[in-house]
C-alpha cells in the first residue's frame, strides 16, 4: 500500500483490487481504504505543516475549461491516443520481459551478476543518468526536470506550439526545459518518449523497489501531449462548434495518454480515476474513459499485464486469465473434473474392508 501514498487514496485501493482481482482478499477491503486514506492524508498534510502549501490541494492541479471542456469532434483523436497507448503498453511489457529473459539466458553473465549484485543496478543507473544529463543529450528531452516537474509541465492547458512554430509560445517556469534552439517542441517530445520508453523498461529490471507505474504514467502523458500539440497545430484557431470557437487544450490529451498507457501496462481501468483525483478535475471523463477502455482492449489482446508478466518470468504459481476465445471454460463445473470414485476408510473398518479397498 506504500505506493499509493503518492496516488489518490480511493483510486489507489481500486487499482490494487484490479491488479490482484483474481486473488484479492475481500476482508482486506476496508483495511486498504483505511491505510490508503491515512497515508494520503498525512502525505498531503505535511506540506501544509511545513509551510510549503496553504491548504490541501490536488497533487497535479490542472486548469482546464469547466464549460465545454472538449468538442465531440475531438473524440476520434482521443480514441487514437487510446489505441496507440494500448499498442505501446503491450510493447513495454514485451520489451521488459525480453530484457529480463536475455540477461537470464546469458549463463555466465547472470552468474557473475548474482555474485556482484550491486554491479547491474550501478551500470543501469550510470547509463540512464549519462543519457539524461542536462548539459549533454538530456537537453533534447527536458533532462533537468524531475519526474514530478515533467508531469506538471505536460499537463499544462496552454499550447506550446502556435501555427506549428514552438518558438512563438511564451515559455515560463519549468516549461523552458522543453525549448531548444535547434529543434522544435515536436522533436523534443518524440525524443523524450522514445528514450524514456526503453530506459524505463530497462530500469524496471533492476532489483530496486521504485515501481513502474509513474514512469509509464509520465510516458503516456508525453505521448498525449504530443498528440495534443499536433491537434493544436492542425487547428490553430480551435474547433468551430455551434458558432463558437474552442481552442485545443493539449493537457487534456496528456491526462488521457497517461491514464491509457498506465492502464494498458497494468490492465486496469481505475487509472482513469487516478488521473481525476491527481488533477482535481473530472471534466474530461468521457474522452479519458474512451482512451483507457480502448487501450485495455488492445493491450489485453496482445500481452499479459506487467505484473502477470513478472509472475510468469519468476515461474510463481498463479491463476491464469481466460482469454476472449475461451468463454466455454466458464461453464466448467466442479463435478466435471472431480474424482467420483473416492476410496476411503473409517475407524469402524475391518480387515475385509481394507482388503477390498486395496
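The values are calculated or read from the model by the stated rules, or taken from the named source; none is laboratory data. Remember, predicted model here, so these are calculated numbers, not experimental data. As a convention, Cβ positions derive from the backbone with ideal geometry for all residues, glycine included, and neighbour counts pool all protein chains shown.
Could you list, in sequence order, the residues of region 275-298 that are within 20 Å of residue 76 (Cβ to Cβ) and crowded, with 23+ Cβ neighbours inside 10 Å? Within region 275-298, 284, 287, 288, 291, 292, 295, 296 qualify. Within region 51-75, no residue that is surrounded by fewer than 11 Cβ atoms within 10 Å (Cβ to Cβ) sits with its Cβ atom under 6 Å from a residue that is modelled with pLDDT of 65 or more and part of a helix (DSSP H, G or I) at 6+ positions apart or across chains. I'd like to know if region 81-88 contains one or more residues that are more than 17 Å from the chain's Cα centre (by Cα) and surrounded by fewer than 18 Cβ atoms within 10 Å (Cβ to Cβ). Checked against the condition, which is being more than 17 Å from the chain's Cα centre (by Cα) and surrounded by fewer than 18 Cβ atoms within 10 Å (Cβ to Cβ), region 81-88 yields no hits at all. Determine, yes or no, whether residue 262 is assigned by the TED database to the domain that holds residue 94 and in a loop (DSSP other than H, G, I, E, B). No: the conditions fail for residue 262. Just one of the numbered conditions (1) surrounded by fewer than 21 Cβ atoms within 10 Å (Cβ to Cβ); (2) touching a residue at least 40 places away in the same chain (Cβ under 8 Å); (3) over 16 Å from residue 132 (Cα atoms) is not true of residue 181: (2). Would you call residue 105 out of contact with any helix residue (DSSP H, G or I) (no Cβ under 6 Å at 6 or more places or on another chain) and either surrounded by fewer than 16 Cβ atoms within 10 Å (Cβ to Cβ) or modelled with pLDDT of 75 or more (or both)? For residue 105, the condition - out of contact with any helix residue (DSSP H, G or I) (no Cβ under 6 Å at 6 or more places or on another chain) and either surrounded by fewer than 16 Cβ atoms within 10 Å (Cβ to Cβ) or modelled with pLDDT of 75 or more (or both) - is met.
In the set 228, 238, 263, 257, only one residue is more than 12 Å from the chain's Cα centre (by Cα), closer than 26 Å to residue 65 by Cα and surrounded by 24 or more Cβ atoms within 10 Å (Cβ to Cβ); that residue is 228. Assigned by the TED database to the domain that holds residue 86, out of contact with any strand residue (DSSP E or B) (no Cβ under 9 Å at 6 or more places or on another chain), closer than 23 Å to residue 16 by Cβ and modelled with pLDDT of 80 or more: is that true of residue 222 in this structure? No, not satisfied.
Please find, among 268, 205, the residue that is surrounded by 24 or more Cβ atoms within 10 Å (Cβ to Cβ) and assigned to a loop (DSSP other than H, G, I, E, B). Exactly one residue qualifies, and that residue is 268.
From the list 321, 335, 277, pick out the single residue that is modelled with pLDDT under 85 and under 17 Å from the mean Cα position of the chain (by Cα). Before the answer, list the steps.
Working: 321 fails: under 17 Å from the mean Cα position of the chain (by Cα); 335 fails: under 17 Å from the mean Cα position of the chain (by Cα).
After applying the criteria, what remains is 277.
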